[in-house]
Amino acid sequence: GSGSWGARYLVTNLQYPRHIGDSFTGRMRTEGSSTVMWGLKDTGTNYSYIQFPYAIYFNGTNIYIYEGGASRGTFGTFTNGTDYDLRIDLKATGATYFYRATGAPAWTLLYDSTYSTASPLRLGATAHSGTIHLDDFTAPAQPAAVDQPTVLYPGLGSHTVALTVTDGVGQTDADSTTVTLVAGAPPVANPGGPYTPGEASANCNQWMVAFDGSGSSDDNGIYRYDWNFGDGATATGVTPTHTYAAPGTYTVTLTVIDHALQSHTATTTVTTTPGLLPVANPGGPYTVDEAAASAGLWTVAFNGTGSTDDNGICDYAWDFGDGGSGSGATPTHGYAAAGDYTVTLTVRDHAHQSH
């Protein structure tokens, strides 16, 4: 064949698809000074050793591993005139190489490769020089070429399937059958609840609710969970969370869909409940004498920490009575003139109730 290394080669006509764990074996004996490679060849018509993705190379008295024409190194030695069993096992990527003197009980690992995913492959040898004896080539049994397609149908119902087969001389035959897709029992939605988060679960009028639709059921499992939280927001999944922006009662809808696209909808409620009203306490009265003034500016430190709420204060809004305003529990404010000022503190709790 074209490109042959030394015009001598022996390669199977049959091609072997790559299967993880497939094992190829052969027996070889060299006489005198011989140079030969045994292994797995690609499907091309060039018979040079560079066309062997996996090869065990006997040269002189050394055993090398070659892959696609590249040497991986020396991994053993051999004796001319002695029979050796050779073996290559395929992996998903690469191969493992073994040898032993014929009759020895155990194989010796030569090399473990991660080179190439080439497929299909042919078993054989190519010789450059010397006298070589080849025998006992074995390869995995190949299954009959039967087409086994997989088809995804988009919905329920019956479908007609036709098969036409053709033999090696062009004779054909056809037959048909039916595929009927049948749904199981419809799913049952269970949104959990009712949910009644109190003000303790709110953070400045943001009410976080954790939903649980895992009580929904179907004989073949739920494909999809669609939630409508009753305030214009939606989500998917078994256990979503959602934040409500105001106290009130909301109707929550869960629709579940099974793998046959059958659906069921159920509702529950969320009632966000505020606690007690907050009580503002601005402190004071505050009396500031001239010693606290500097360059005509009278600075006052206010303290609203005496304000109370059963679930804590969200924010503090101050009106200092001179057109100025502030926020926080302990603000300071500078007055530009002596006099009496009415200071107003408004507090809001986490349900945005105010006092």
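Please compute the length gained on full extension between V238 and S214, using 0.36 nm multiplied by the number of residues separating them and subtracting their Cα-Cα distance.
Working: separation 24, 0.36 × 24 = 8.64 nm, distance 0.59 nm.
Length gained between V238 and S214: 8.1 nm.
Just one of (i) 35; (ii) 62; (iii) 17 is percent of Cα pairs over 38 Å apart as worked out from the coordinates here. Which one is it?
It is the value labelled (ii).
Expressed as a rounded percentage, what relative contact order does the stretch 290-349 have, with Cα pairs under 8 Å and six or more residues apart? List each step's numbers first, then the result.
On the way: 97 pairs, mean separation 25.4, N = 60.
It comes to 42 percent, rounded to a whole number.
Taking the Cβ-Cβ separation of S263 and C204 as r and a Förster radius of 45 Å, what is the calculated FRET efficiency to the nearest 0.05? Mind dumping the intermediate values first?
Details: r = 37 Å, r/R0 = 0.83.
Efficiency, from the Cβ-Cβ distance: 0.75.
Work out the charge dipole of the stretch 69-115 with +1 on the Cβ of Lys and Arg and -1 on the Cβ of Asp and Glu about the Cα centre, then indicate which of T79, G94, P105 is farthest towards its positive end.
G94
From Cα pairs below 8 angstrom and at least 6 apart in sequence, can you work out the relative contact order of the chain, rounded to a whole percent? Present the calculation step by step, with values, prior to reporting the outcome.
On the way: 837 pairs, mean separation 44.9, N = 355.
Rounded, it is 13 percent for the chain.
Note down the nm distance, to one decimal, between modelled labels 7 Å out along Cα→Cβ at N13 and at A338.
12.2
With a Förster radius of 51 Å, plug the Cβ-Cβ distance of V151 and A106 into 1/(1 + (r/R0)^6) and report the FRET value to the nearest 0.05. Walk me through the intermediate numbers first.
Numbers: r = 48 Å, r/R0 = 0.93.
Efficiency, rounded to the nearest 0.05: 0.60.
In debye, nearest 20, what is the charge dipole magnitude of the stretch 199-272 about its Cα centre with +1 on Lys and Arg Cβ and -1 on Asp and Glu Cβ, if you could check? Before the final figure, lay out each step's value.
Values: 1 positive and 7 negative charges, 30 e Å.
Using only the charged Cβ atoms, the result is roughly 140 debye.
Only the coordinates and a few stated rules stand behind these numbers; no lab work does. What you are looking at is a predicted structure, and each value in this text was computed from that prediction instead of being measured. Heads up, the Cβs are rebuilt from the backbone with ideal geometry, glycines too, and the neighbour counts pull from every protein chain shown.
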